[in-house]
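Here is the structure we will look at, set down as structure tokens.
Please treat every number below as a calculation from the coordinates, not as lab data. All values reported here derive from a predicted model rather than from experimental measurement. Cβ placement follows ideal geometry from the backbone for every residue including glycine, while neighbour counts extend to all protein chains displayed.
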Amino acid sequence: MDLENNTMEAIEKIGNTPDKLIEVLIQCQSLNQQNYITEEQLNLISKGLNIPLSKAYGVASFYSMLSTSKKGKYVIQVCNSGPCYVNNSKTIAKAFQDALGISLGEVTADGLFSLEYTSCFGGCQIAPAVKINDMVYGNLTEEKVWQLVDSLRKEAV
Amino acid sequence: MKSFVSKLCGKIMPLSLKEYREHGGFLGLEKALFYMSPQEVIDEIKESRLRGRGGASFPTGVKWQLVAAEGDEEKYVVCNADEGEPGTFKDKALLEGCPFQVIEGLMISAYAVGAYKGYIYIRGEYPNSIDLFKKAINILKKEGYLGENILGQNFSFDIEVRSGAGAYVCGEETALIESIEGNSGSSRFKPPYPPNCGLWGKPTLVNNVETLANIPLIISQGAEEFLKLGTKGSKGTKLISVSGNVVNKGVFEVEFGISLREIIYDICGGLEGNKKLKFIQVGGSSGACLPELLLDLELDFDEFKKHNIGIGSGAILVVDDSCCILDFMRVTTEFFKHESCGKCTTCREGNRHIIKAIDRMIYGSGTERDMQIIKDIATIMRDSSLCGLGQAAPIPVLSLLKHFKDEFQEHINGYCSTGVCNFKGEGKSHG
């Protein structure tokens, strides 16, 4: 029950007052290789912070960086806000779909990648940009997308 | 270009307190604590005529006075570092270039309004900034700049860093407060405004990163120095972030009074591939889209107001003539649809219905009535939405309708001159 212990540990470290909910959720999500918060974790958080389960779930589903469904080990987020759009982000999204063989909103069968659109994360200077977990990659071309996916695949092995 | 508020960015190591002090760091705080009463600090800021740099451009000194006037023992100051406006990345330059300057500004604001606790709410998309601030705060605690009786004076103050988790609406101050409290980021009904009733129902001062970064400089150099910069109605400098189809994208500090044309063609080197400019969007996705004929407009709050537009966060998106107005409007509205918190009906439903009307036009079943529908919905949203998100979402829509009416007409007639849209059936392409 590593996940349970780690979740309890995270709550203890961050604090068990209701205002720490978001910080706790962010931390708990990072404990999980598939980058999401499990139902079991939500239950633990609700007890630990003494808040209703519906509240924990409500907040977890409100914020777009938090997820209650399985994602990839690498969460690929393609910016689709104005500045990246005028720098051809749609082509980049298409290239990722081709390179990964999945559509936006899906996870690859091996659980390695998930692909989605995201709102602006401030990478406009190097648009079109994508965010993969905590890393930002910019000035992308279709060719670079394929290279990037390739190098991440190798990194994972 | 000017170098004032951002002058230490890139020049010093962000986490070197020694270097920050060598370049005049904490002189503002020392001056405030040793020689000025809280009211004198507020008066100095009022005299500088500094206006908020987050987007609403509210006079900073007036806001401080409102919080200071509250009798409550418990007050809070909050630094709004939830820079979510698309095309805006200027706060990041300050957050990662000189965190101590932002913290010093927050400390001075706390001293002025009588707060003992501060929060820095940084968007979750900036993990580096969050990390830097946590480290910076630890350094300051060790060095006696944070904690009890700071610098031996009767002033105690502590700061906590809070992370956002991906919600544009949390840049709105009441939604931000909800988020710090651990809730979903839905805007509150106003009034009461945060200066009366904010975080945990207590008087709360919320200021943008760039606003706070100006404070130490104004206090240490005096309001008079600050007043020398800028125009009659807009004092100081502004950080702008330029993106889109332009040669040099990036964050630049400019003095108020510079024209948009100078920014785009002199500072940013014009458009990529010497293409023709179609429009620029000023202030992020919630800003107005201006055609070329308005490029000689000077960066000035009052000048902008004459045209009924705002400077907003200082983002400038440059768009060339390969862009389809309707497709761009769809992308922008899709963003607001996704980011709407869903609390008020006009914002939640309005964006969806604008997209439906755009889609009818893009896919070939649009009529003149759709233009009117978009205009009506946008106007209702602007006038009746609960917070800035819903009120500002229709601004780009209305400005595009005003300046690019022909292109809407073109789509109703079944073709798209930029060749971006796909029409059902036979599309007459005039590409």
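Report yes if residue B:169 is in contact with a Pro (Cβ under 6 Å, 6 or more places away or on another chain) and surrounded by 23 or more Cβ atoms within 10 Å (Cβ to Cβ), otherwise no.
Against the criterion (in contact with a Pro (Cβ under 6 Å, 6 or more places away or on another chain) and surrounded by 23 or more Cβ atoms within 10 Å (Cβ to Cβ)), residue B:169 does not qualify.
Kindly indicate the residue of region B:214-235 that is touching a helix residue (DSSP H, G or I) at 6+ places or on another chain (Cβ under 6 Å) and not in a helix (DSSP H, G or I) and also surrounded by the most Cβ atoms within 10 Å (Cβ to Cβ) among those meeting that condition. Quick ask: steps written out before the conclusion?
The initial filter retains those residues of region B:214-235 that are touching a helix residue (DSSP H, G or I) at 6+ places or on another chain (Cβ under 6 Å), namely B:215-216, B:218-220, B:223, B:226, B:233-235.
Keeping just the survivors that are not in a helix (DSSP H, G or I) gives B:233-235.
Values: B:233: 14, B:234: 23, B:235: 21.
That would be B:234.
Under the condition of being over 14 Å from residue B:80 (Cβ atoms) and part of a helix (DSSP H, G or I), which residue from region B:175-213 is farthest from the other protein chains (Cβ to nearest Cβ)?
B:201
Taking region B:49-73 as the region of interest, how many residues are outside any loop (DSSP other than H, G, I, E, B) and closer than 30 Å to residue B:309 by Cα?
Of the residues in region B:49-73, 10 are outside any loop (DSSP other than H, G, I, E, B) and closer than 30 Å to residue B:309 by Cα.
If you check every pair at least six apart or on different chains, which have Cβ atoms under 7 Å apart with a residue in region B:351-372 that is in contact (Cβ under 8 Å) with a residue 40 or more places away in the chain first and a residue that is aromatic (Phe, Trp, Tyr) second?
So the pair list comes out as B:351/B:336; B:361/B:408; B:363/B:423; B:364/B:423; B:371/B:408.
Would you kindly identify the helices (runs of 4 or more DSSP H) lying entirely within region B:320-415 that contain at least 3 residues that are under 23 Å from residue A:86 (Cα atoms)?
Output list reads B:325-339, B:345-362, B:394-403, B:405-412.
I need the helices (runs of 4 or more DSSP H) fully contained in region B:2-48, keeping only those with at least 3 residues that are touching a residue at least 60 places away in the same chain (Cβ under 8 Å).
B:27-35, B:38-48
Taking residue A:15 as the residue in question, decide whether it is closer than 26 Å to residue A:154 by Cα and out of contact with any Lys or Arg (no Cβ under 8 Å at 6 or more places or on another chain).
In short, no.
Go over the candidates B:342, B:350 one by one and state the one that is on the phi > 0 side of the Ramachandran plot and either touching a helix residue (DSSP H, G or I) at 6+ places or on another chain (Cβ under 7 Å) or not small (Gly, Ala, Ser) (or both).
Numbers: B:350 fails: on the phi > 0 side of the Ramachandran plot.
B:342 is the lone residue from the list that is on the phi > 0 side of the Ramachandran plot and either touching a helix residue (DSSP H, G or I) at 6+ places or on another chain (Cβ under 7 Å) or not small (Gly, Ala, Ser) (or both).
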